[in-house]
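Worksheet for the structure shown next.
The values are calculated or read from the model by the stated rules, or taken from the named source; none is laboratory data. Because the structure is predicted, anything quoted here is derived from the model rather than measured. So basically every Cβ, Gly included, is an ideal-geometry build from the backbone, and we count neighbours across all protein chains shown. The accessibility values were calculated without ligands, DNA or RNA, using every heavy atom of the protein model including side chains. Shrake-Rupley method; radii C 1.70, N 1.55, O 1.52, S 1.80 Å.
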Amino acid sequence: MLPPSRFGELETGRPRAELARLLPARAYPYPPDHARSAPRPPGTDCAFYRSGGDLLGPVDLYRLCWAADTLVAKDTVPAGRARH
């Protein structure tokens, strides 16, 4: 889980090593198809994180996109569209 306060601290243009203390140990492995297939910046690898700990209810997902080891984009997949 990546709390909203920590998501807010993540700044694009920063290296992964510098942001690692704010990130959960693992990304969310089951983002919905529409989130995985959404356009992303060219040459990036994106990871998804749940914004809340409620495993049964809908929560926003955060998408972080990395080029090499630099955060180049971050956005939110709203809970209303994040169906598992």
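Suppose the chain between E11 and L55 were pulled fully straight at 0.36 nm per residue; how much longer would it get relative to their current alpha carbon spacing?
Numbers: separation 44, 0.36 × 44 = 15.84 nm, distance 2.70 nm.
Using 0.36 nm per residue and subtracting the Cα-Cα distance, I get 13.1 nm.
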* Structure fact -> Note to self: Kirkwood Rh of the chain, Cα pairs, one decimal, Å, is 13.0
* Of A68, L19, G52, farthest towards positive along the dipole that unit charges on Lys, Arg, Asp, Glu beta carbons give the chain -> G52
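Report, to the nearest whole %, how much of the accessible area of the range 15-66 belongs to carbon and sulfur atoms, 1.4 Å probe, protein only. Don't skip to the end; give the middle numbers.
Numbers: 1740 of 3120 Å².
Roughly 56 percent of what the probe reaches on the range 15-66 is carbon or sulfur.
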* Asked: So what is the relative contact order of the chain, in percent, for Cα pairs below 8 Å that sit 6 or more residues apart?
  -> 33
* For the chain: accessible area per residue (Å², 1.4 Å) -> 62
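What does the extension gain come out to for E18 and A79, with contour length at 0.36 nm per residue minus their alpha carbon separation? Spell out each step's value before the answer.
Details: separation 61, 0.36 × 61 = 21.96 nm, distance 2.83 nm.
Gain in length upon complete extension: 19.1 nm.
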* Which distance in nm do the two modelled labels at T70 and D45 give, with both placed 7 Å along the Cα-to-Cβ direction? -> 1.7
* To do: Using the Cα centre as the reference, give the magnitude of the dipole from point charges on the C-beta atoms of the chain (Lys, Arg: +1; Asp, Glu: -1; all else neutral), rounded to the nearest 20 debye.
  => 120
